[in-house]
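The values are calculated or read from the model by the stated rules, or taken from the named source; none is laboratory data. Computed from a predicted model, the values in this text were never measured in an experiment. Note: ideal-geometry Cβ built from the backbone for every residue, glycine included; neighbour counts use all protein chains shown. Only protein heavy atoms, including side chains, enter the accessible area calculation; ligands, DNA and RNA are left aside. Shrake-Rupley method; radii C 1.70, N 1.55, O 1.52, S 1.80 Å.
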Amino acid sequence: MKRIIRHIPSLLLGACFVASGWLKGVDPYGTSLKLSEYFRVWGWSGFVADHPLAWSVCLCAGELCLGLLLLSGVFRKAVAWGTVAVMSAFTALTAWLAFSPVGMSVQDCGCFGDAFTLGHGATLLKNVLLWALAVWHLWVVRAETWHGLKGWRTTACCAVFSLAVPLYSAVWLPPVDFLPFGRGAALSAVPGFGVYNGRYEEVTDSLMEVSGSKPLVAVVSRRTLTADDLRKLSGLRAEAGAGRISLCLWTLPGLNGGAGMDVFYTDEVTLKSLLRAEVGFVVVDGGIVRAKRNLSVFRPARFGRNVTVGEMMEEDAGLPWRYGVCVLAGLAVMVWVRRKETEGGR
């Protein structure tokens, strides 16, 4: 019984850190928006404020890695001290959000990304409880002796896995989307969603009707398209010219550069929610989001031919399953490495 009780704080803390790190790490771009909000409220500028996505990746990977280390039981004393330090910082932050007039201007802390939100009071209570668990865990392991670098292989696996989660989502877009514009979402059912023409007349319904007859590819951009962007879109423009798809540009009012595409406008929040990248495209078929691509890393040709919209929709239909298999494979490798290290120490 005592052995089980000793592991309760590390298991609870580890599960919470893994959940928080993964939920933020699957959408590091969204986490970077929350960090930018903090930087703005604090009045920060310069190097830190100019690279919110990089700090977001580090934060997500750090939380996820700390949770995995707590669950694996390596370097217990060092990890316990790190957990107390992290929870002390998080608790102080949420106390500031709950009681400072400036902090109350931040809508939520972003602890669990866009999966779900907690009020400042609930978040503070959660963090106080986790801080108490962290102190309890430190008390449990306080007398343990240092075993040198035993466990470094498990630590390396945890670090690589934890960094891969937010990096993948930052480059190739979130494989699991908690926003209302994720793959499989019906755009007509999203509250407040609207697309407008140059005369600022809403054309959302007519665009959804177009997507009912053939796939609608909406190039989503928050800046003017460059020559390289248009080069990557040449295959899509050829498909549109052949009548297999409809192609248009969704951008901010005042921007253009459609290069022959019909141009429509919507607000910046909608564009950021539609696509977690500055420029890319969304495939809508029958009013349903079927595929998304980040144009900065999009490869329009494979094996000497252009990738078709139909192929992209097929690829994205199986994306959650492929991502789940990769995550389970990574976790299985960590368990195997940890078991080998434990057996080697006997």
Reachable lysines, given that their alpha-carbon falls under 28 Å from the alpha-carbon of Lys150 and they are not under 8 places away in the same chain: Lys2, Lys77, Lys340
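Kirkwood hydrodynamic radius (Cα pairs, Å) of region 211-301? Before the final figure, lay out each step's value.
Details: mean 1/r = 0.0767 Å⁻¹.
When all Cα pairs of region 211-301 are included, the Kirkwood radius is 13.0 Å.
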Rounded to 10°, Cα long-axis angle of helix 28-42 versus longest principal axis of the chain: 80 degrees
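Find how much the distance from Lys340 to Ala164 grows on full extension, using 0.36 nm per residue of separation minus their present alpha carbon separation; answer in nm with one decimal. Before the final figure, lay out each step's value.
Values: separation 176, 0.36 × 176 = 63.36 nm, distance 2.28 nm.
Answer, rounded to one decimal: 61.1 nm.
Tally Lys/Arg at +1 and Asp/Glu at -1 over every other residue whose Cβ is under 10 Å from the Cβ of Ser56; what's the total? Present the calculation step by step, with values, prior to reporting the outcome.
Values: positive: Lys24, Lys34; negative: Asp27.
Once positives and negatives cancel, what remains is +1.
When the accessible area of region 196-243 is split by element with a 1.4 Å probe, what percent falls to carbon and sulfur?
Numbers: 1190 of 2420 Å².
Using a 1.4 Å probe with all protein chains present, region 196-243 comes out at 49 percent carbon and sulfur.
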Label-point separation in nm, Ala85 to Glu201, each point 7 Å along Cα→Cβ: 6.2 nm
Heavy-atom accessible area per residue - the chain, 1.4 Å, Å²: 50 Å²
Reachable lysines, given that their alpha-carbon falls under 20 Å from the alpha-carbon of Lys214 and they are not under 8 places away in the same chain: Lys292
Exposure of Arg293 as accessible area (Å², to 10), given a probe of 1.4 Å and all protein chains: 30 Å²
Bridge type composition, region 152-266 - antiparallel percent by DSSP, nearest 5: 20 percent
Cα-only Debye scattering, region 47-187: base-10 log of I(q)/I(0) at q = 0.11, 0.20, 0.21 Å⁻¹: -0.54, -1.32, -1.35
Spatial separation of Cα centroids for region 124-188 and region 202-247, in angstrom: 38 Å
Solvent-accessible surface (1.4 angstrom probe) belonging to Lys272, in square angstrom, nearest 10: 50 Å²
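How long is the gain from Ala186 to Trp152 if the chain were fully straight, where each residue apart is worth 0.36 nm and the alpha carbon distance is subtracted? Please report the intermediate quantities before stating the final value.
On the way: separation 34, 0.36 × 34 = 12.24 nm, distance 4.64 nm.
Difference between extended and current length: 7.6 nm.
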Shape category assigned to the chain from the gyration tensor of Cα positions, a/c cut at 1.5: prolate
Net lengthening on full extension, Thr117/Arg322 (0.36 nm per residue, minus Cα-Cα): 71.0 nm
Beta bridge orientation in the chain: antiparallel %, DSSP, nearest 5: 65 percent
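Let me know the Kirkwood hydrodynamic radius for region 1-121, please, with Cα pairs as the basis and the value in Å to one decimal.
Working: mean 1/r = 0.0652 Å⁻¹.
For region 1-121, the Kirkwood estimate is 15.3 Å.
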Rounded tilt (10° steps) of 120-141 against the dominant C-alpha axis of the chain: 40 degrees
Proximal aspartates and glutamates relative to Lys232, as straight alpha-carbon distance under 17 Å, when same-chain residues fewer than 8 apart are discounted: Glu278, Glu311
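Within 10 Å, at most 14 other Cβ atoms, and a DSSP state outside H, G, I, E, B define an exposed site. Report the longest part of the chain free of exposed chymotrypsin sites (Phe, Trp or Tyr not before Pro). Let's see the in-between values first.
Numbers: sites that count: Trp44, Phe116, Trp146, Tyr200, Phe303.
Answer - 201-302.
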